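Working notes, beginning with the structure itself.
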Amino acid sequence: MTTAVFTPETEARLATARHVADAVLFEGYVLYPYRASAAKNRLRWQFGVLVPPAWSARCEEHEFQHTECLMEPRPGAYLAVEVRFLHAQRRTVQRAAEDGGFETVRELHLEDRVLVPWDEGVEERVELTVPVADLAGEGVSFPFTRPAREETEPVLDGEGRTVGRLLRRREEVSGVVRLSAAELDGLYRTMRLTAVVENTGDWVPASGGDRDAALPYSLVASHLLLCLDRGSFLSMTDPPEWAKGAVAACRNLHTWPVLAGEPGVTDLVLSSPIILEDHPAIAPESPGALYDATEIDEILALRTAALTDEEKREARGTDERAAAVIELADTMPAEVLERLHGAVRSLRGVTAPAPHEDPPGHGTARPDTPWWDPGGDTSVDPENDRVTVDGVPVGAGSRVVLRPGLRHSDAQDLFLHGRTALVEAVLHDVDGGVHIAVTVEGDPGADIRREQGRFLYFQPDEVEPLETV
């Protein structure tokens, strides 16, 4: 076994999976509104926390993760393993005293931020490679330790004077990676790989100790990247028929392995404490990391931009990553924000032509051609189409009274019933349905809705025309 730096080829393959792995590493790291004082930022790190054994015996969190998956290595194959986790670093804020020393304070106000005590997460990696042949039987074990460390950082004001300092303290954490593999009976040379990551720290909680005291000795957001230089892994989510029994027999505790990297790649696995699908990917529209668990980029970006100046000062002082989110929200171009409104992906695979089949009547399709282009379909014209309601043609420019609620599908129906509205367009869906797009008269945001094309939609039996024949 070797713990040397990965070969360039292995490093390149792992790099393709780290983008998603980074999202796992920092999932829920800091939550909107990105301030340390926010109640939901007082309970930190909910995913993949491997606590010291003495604390595991007193709580519902675990000191280990156990991964099992199936692989088909070629002769002479090597397995590269990367354990990734955050090492909690406790930050104390101190103010410069008149006697030349420093005193610990709860807040230190600067012009652009408010510094407060906070636990930062420092990324740690444990890297090793091992011949697959060495994993038979008891396999191999690789213990690791990250030592305690203390450092200070001066805090300067706008004129360059020292007004305080940040004192950062990391405690020692230790663990072990255990790897083994067993060949399975069957027609194909398949092996069950077992990878266990365990916190082996000897920290013992004091009487009355709590989770907050255990975190500096824990492996936070722990997960695994596995890579075969020759061979492939089988999907644990959608295995071939002949392997389903062997997949069902695998034990995965506190983690779940999925194929990683680009679709079609089978030599990479990400074993994550968050259940993912095979080949997970970050949405291409996402402008950057927002760190908020189950984040919805558009909503978070809008809400973050709407924070008060004082709230933004505290967020900037909470953490460098929180400060980056504030900067991202404040400087995001309008066209980037617009891309976050939504994207349809599920229809691409269903409606795309077969590999050797051209779309009827269109010759060779360009790869960026949408599955349906309303601008190219002359059978519909939303701005001029009309639909007959109670014997009256209704189209763009018509005024109607809203009578929603027949289907009881939206709680807002109660507030819209009886309001007058202006019809903006009549749209036809691919199933033959008709939808009337409207803006409510008297709505102060009507111009913005019209500019962005964000209307309210009703079916013909949910409106009454104000005009008569």
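Taking amide H as placed 1.01 Å from N in the peptide plane, the amide H of Val389 sits under 5 Å from that of Val394, each at least 5 places away or on another chain.
Per residue, the chain reaches -5000 deg cm²/dmol at 222 nm when only DSSP H runs of four or more residues are counted, each adding -39500 (n - 2.57).
So how many Å³ per residue does the convex hull of the Cα atoms of the chain work out to?
Details: hull volume 109.7 nm³, N = 469.
Enclosed volume per residue, from the Cα hull, is 234 Å³.
At an R0 of 45 angstrom, the distance between the Cβ atoms of Ala206 and Asp238 translates into a FRET efficiency of 0.40. The distance between label points at Leu184 and Leu414 comes to 5.4 nm (points 7 Å beyond Cα on the Cα→Cβ vector). Apolar share of the accessible surface for the stretch 200-297: 55 percent from carbon plus sulfur atoms, 1.4 Å probe.
For the chain, take the longest principal axis of its alpha carbons; what is the angle in degrees between that and the long axis of helix 8-25, to the nearest 10 within 0 to 90? It works out to around 70 degrees.
Tilt of helix 309-318 relative to the longest C-alpha principal axis of the chain, in degrees (0 to 90, nearest 10)? On a 0 to 90 degree scale, this one is about 30.
Normalised radius of gyration (Cα atoms, divided by 2.2 N^0.38 Å) for the stretch 132-191: 2.33.
Normalised per residue, the accessible area of the chain is 53 Å², obtained with a 1.4 Å probe and no contribution from ligands, DNA or RNA. For the peptides 278-285, 217-224, 65-72, 316-323, the ranking by mean Cβ contacts within 10 Å, running from highest to lowest, is 217-224, 65-72, 316-323, 278-285.
Each residue of the stretch 319-327 is assigned a 3J(HN,Hα), and the resulting list reads 6, 4, 5, 5, 4, 5, 5, 4, 4 Hz, derived from the Karplus form 6.51 cos²θ - 1.76 cosθ + 1.60 (θ = phi - 60°), x at Gly and Pro.
Annotation for the stretch 106-177: trypsin sites (Lys or Arg not before Pro) lying in DSSP loop with at most 14 further Cβ atoms inside 10 Å of their Cβ are Arg106, Arg161.
The values are calculated or read from the model by the stated rules, or taken from the named source; none is laboratory data. On a predicted model such as this, the values are computed, not experimentally measured, just so you know. Backbone-built Cβ (ideal geometry, glycine too); neighbour counts: all protein chains shown. For the accessible areas, the whole protein counts, side chains as well, though only heavy atoms, and no ligand, DNA or RNA atoms are used. Shrake-Rupley method; radii C 1.70, N 1.55, O 1.52, S 1.80 Å.
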